[in-house]
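Below: the structure, in structure tokens.
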Amino acid sequence: MSDVTQGAEAETDQDMSIYDELHDAPPKKRLKLSWTGKIGVVIVVFWIVIAVIGPWIAPYDQAAILDMDSYLPPGAEIDGGGTHWLGSDKNERDILSRVLWGARMTVGISVIATLLAYLMGVTAGIAAAVKRGWTDMILSRINDAILSLPTIMLGLLIVVALGSSIPILIGTAAIIYASSVYRIARAYGQEIMVMDYVESAQARGETIWWIIFREVLPNAAMPLATDFGLRLVFVVLFISSLSFLGLGIQPPNADWGSMVRGNLEAMQFAEGWGILAPIWPALAIASFTIAINLIVDDVSAESGGDLAKKMIS
Amino acid sequence: MQRMVIQRILIGFVTLWVVSVLVFLMTNALPGDVAQIVLGQSATPESLAAYRAERGLDQPLIFQYFGWLGNMLTGDLGTSKAGGATISSLIGERLYNTMVMAGIVALISVPLSVGLGLMAAMYPGTWIDKSLTFGTLALISVPEFFIATFMVLIFAVQLGWLPSIARVSAEQSYYDWWRSMAMPLLVLVIVVAAQMIRMTRAGILNVMNSPYIEMAILKGVRRKRIILRHAFFNTIGPIVNVIALNLAYLVSGVVIVETIFAYPGLAKLMIDGVQTRDLPLVQACAMIFCATYVVLIILADVAAILANPRLRNPK
């Protein structure tokens, strides 16, 4: 019931009374981030910027061999002048430069793969929710089969069968994670399709496309955006795990997962703080994924526990 | 209810079948001709043809598939390309090692995480809850190999307490065996428990929002009693579901952990097979892993059905 109607225009009360049943639109909620969420945003933005400009600000090329000694400790001088701020790796390359270059691979590939997974998952999910019947049935069964395989195992099989290249990695991750996106998009789609506002749109004679783009997608956008963050974390972990197993991004391209693997033996052979060689890229992965999770936590707390529950499984 | 459970199990069989088709097709898409690889470059066309005929490789893919499936079902996993040993003999001991590891991890992590999850749910908002929530969030956001690397750095390199490679054999003394197992076990327990604690906590807090709990609160029942008498029994279903899901999750954790610690388990065998392109070996291992995973997921779903009174007693 609106206060304005009651106060200022009291004499037209009779005419306005039919509007009394209508609620005012709820005020637009602005997302308020806690301090942990803000830190998350800062870190995520930092890595995305690095993914774009990394190769230009890196002191050396990712494949440049600079010294005669491997696993130099952080801060070591390079023979030809300059400093290894984070030390050098097994093949005498600068770790700082490789972490900066690696952001493009790890963050870039993961973001593209997640976007692709969303494109496929949301399209199929909404299609299943809107069309129902056979479309839903077939899509859901295919989806169940993909979901019922351990992701890393499926990834291994695909990559082994087709060979490892960047497009194949992106495609593999996208297909595997599209199946979970499909499930969520379909669930929200079904929920929205039975809402009053969709029914009234149908009664008005709006086309199915109008309903999808003006009613279904905007209402599913917020929960899907939150889920996007979570899915991105899984994709980062998936791609770096594959790289760690030596089946992901291939050398000489630097990426954080294979850098951890490549420098693992530093723990046995390196002297002094050179043993930190595998820790730097691992920290890069951890900071990125934890930061995303911090943001997701804030957003899902804002939109109620409902969302968090859906995403846990 | 029985119908739902049976239905779920049937769907599980269908999934397993789809999985077998996927595994077969993918490993068959591997580049290279098996006969050529096995017999080498110097093989004559006749010997290649003879080899293909002997192995049935000259037949259409669909016959090969059913032959393979039939052998698989009767327990004949075929022979490895490397060395020519039968795959069952290769897998036997490895499978045992992996099962032992997964079993111990489950025995430790299940009570641990249900207990901690309960504790966090019992005192929400306190420092116990907050530190558990943040700690587990941090742990689930990092890859398993990060935790493993960190552990090696601390316990093997800095402190020198534990070996960084998990060599286990039958000749080892009891003490040595536990020492070499300690690190992989620790990593897996941490990874799995972190997930489980979060899900247990979420499950109980979810029940805490229901009307009958509100009723109990209004009656003046103490919080501890509400959780242990009212909420806990109603979350057993979801928790069993969580446990099964996480044991399924162990399947992928095992792949990474066995690789890092060079533990002689099934996953290590499979990764080695991948690297040497040992097709039958990879097929067999992948099928074992996927089948375990599917069975655990079915268990999780059946547990969820059994735990839901509305599904248990249909009107």
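The values are calculated or read from the model by the stated rules, or taken from the named source; none is laboratory data. Predicted model only: the values in this text are computed from it and were never measured. Glycine gets a Cβ as well: all are built from the backbone with ideal geometry, and neighbour counts include every protein chain shown. Ligands, DNA and RNA are excluded from the accessible area calculation, which covers all protein heavy atoms including side chains. Shrake-Rupley method; radii C 1.70, N 1.55, O 1.52, S 1.80 Å.
So for each of B:218-231, B:112-125 I average, over its residues, the number of other beta carbons within 10 Å; can you give me the resulting order with the highest mean first?
Answer by packing, highest mean first, reads B:112-125, B:218-231.
For the interface of A with B, what's the total buried accessible surface in square angstrom, probe 1.4 angstrom, rounded to the nearest hundred? Don't jump to the answer; show the numbers that get you there.
On the way: alone 17100 and 17710 Å², together 31020 Å².
Chains A and B together bury approximately 3800 Å².
Give me a comma-separated list of calculated 3J(HN,Hα) values for region A:281-289, in order, Karplus coefficients 6.51, -1.76, 1.60 applied at θ = phi - 60°, integers in Hz, x for any Gly or Pro.
Each residue's phi maps through the Karplus curve to give x, 5, 5, 4, 4, 4, 5, 5, 6 Hz.
Taking each residue of B:279-289 in turn, how many C-beta atoms of other protein chains fall within 10 Å of its C-beta, and what is the average? List each step's numbers first, then the result.
Details: counts 1, 0, 0, 4, 1, 0, 1, 7, 0, 0, 5.
Rounded to a whole number, the mean comes out at 2.
Taking +1 at the Cβ of each Lys and Arg and -1 at the Cβ of each Asp and Glu, which of B:TRP161, B:ILE87, B:SER173 sits farthest along the dipole of region B:78-197 towards its positive end, judged by Cα position relative to the Cα centre?
Farthest along the dipole direction, towards plus: B:ILE87.
In terms of modelled amide H atoms, which long-range or inter-chain residues lie less than 5 Å from the amide H of B:LEU162?
Correct list: B:ALA156.
Per-residue Cβ counts within 10 Å, from other chains only, averaged over B:255-263: what number is that? Spell out each step's value before the answer.
On the way: counts 6, 4, 0, 0, 5, 5, 0, 0, 0.
Counting other chains' Cβ atoms within 10 Å and averaging over B:255-263 gives 2.
Which whole-number percent is the relative contact order of chain B (Cα, under 8 Å, 6+ apart)?
Numbers: 316 pairs, mean separation 84.5, N = 315.
Relative contact order of chain B: 27 percent.
Give the shape of chain B as rounded, prolate or oblate, defined through the alpha-carbon gyration tensor: a ≥ b ≥ c are the square roots of its eigenvalues, a/c under 1.5 means rounded, and otherwise the shape is prolate if a/b is larger than b/c and oblate if not. Don't skip to the answer; put the middle values down first.
Working: a/c = 3.22, a/b = 1.63, b/c = 1.98.
Because a/c hits 1.5 or more and a/b fails to exceed b/c, chain B counts as oblate.
Treating only the Cβ of Lys, Arg, Asp and Glu as charged (+1, +1, -1, -1), what charge dipole size does region B:210-315 show about its Cα centre? Round to the nearest 20 debye. Mind showing how you got there, number by number?
Working: 11 positive and 5 negative charges, 208 e Å.
So the dipole magnitude of region B:210-315 works out to roughly 1000 debye.
Charges at C-beta only: +1 for Lys and Arg, -1 for Asp and Glu. How large is the resulting dipole of region B:88-279 about its Cα centre, in Debye rounded to 20?
Numbers: 14 positive and 9 negative charges, 198 e Å.
Approximately 960 debye in magnitude.
Over the whole of A:284-295, what's the average partner chain Cβ count within 10 Å per residue? Rounded to a whole number, please.
Partner Cβ neighbours, averaged per residue: 3.
Given B:GLN195, B:MET122, B:MET151, which one lies farthest toward the positive end of the charge dipole of region B:88-279, if we put +1 on the Cβ of every Lys and Arg and -1 on the Cβ of every Asp and Glu?
Farthest towards the positive pole: B:MET122.
Which of the peptides A:32-45, A:233-246 is most tightly packed, and how do the rest follow, judged by the mean count of other Cβ atoms within 10 Å per residue?
Working: A:32-45: 14.8, A:233-246: 25.1.
Output ranking for A:32-45, A:233-246: A:233-246, A:32-45.
Going down the table (A:LYS32/B:LYS130; B:LYS130/B:LYS224; A:LYS32/B:LYS219), which pairs top 26 Å between alpha carbons?
Values: A:LYS32/B:LYS130 20 Å; B:LYS130/B:LYS224 19 Å; A:LYS32/B:LYS219 36 Å.
Pairs exceeding 26 Å: A:LYS32/B:LYS219.
Average projected area of the Cα convex hull of region B:73-159, in nm²? Working shown, then result.
Values: hull surface 40.1 nm².
Averaged projected area of region B:73-159's Cα convex hull equals 10.0 nm².
Show me the ranking of peptides B:88-101, B:61-74, B:238-251 by mean Cβ neighbours inside 10 Å, starting with the highest.
Numbers: B:88-101: 17.1, B:61-74: 12.9, B:238-251: 21.9.
The densest-packed peptide leads the list: B:238-251, B:88-101, B:61-74.
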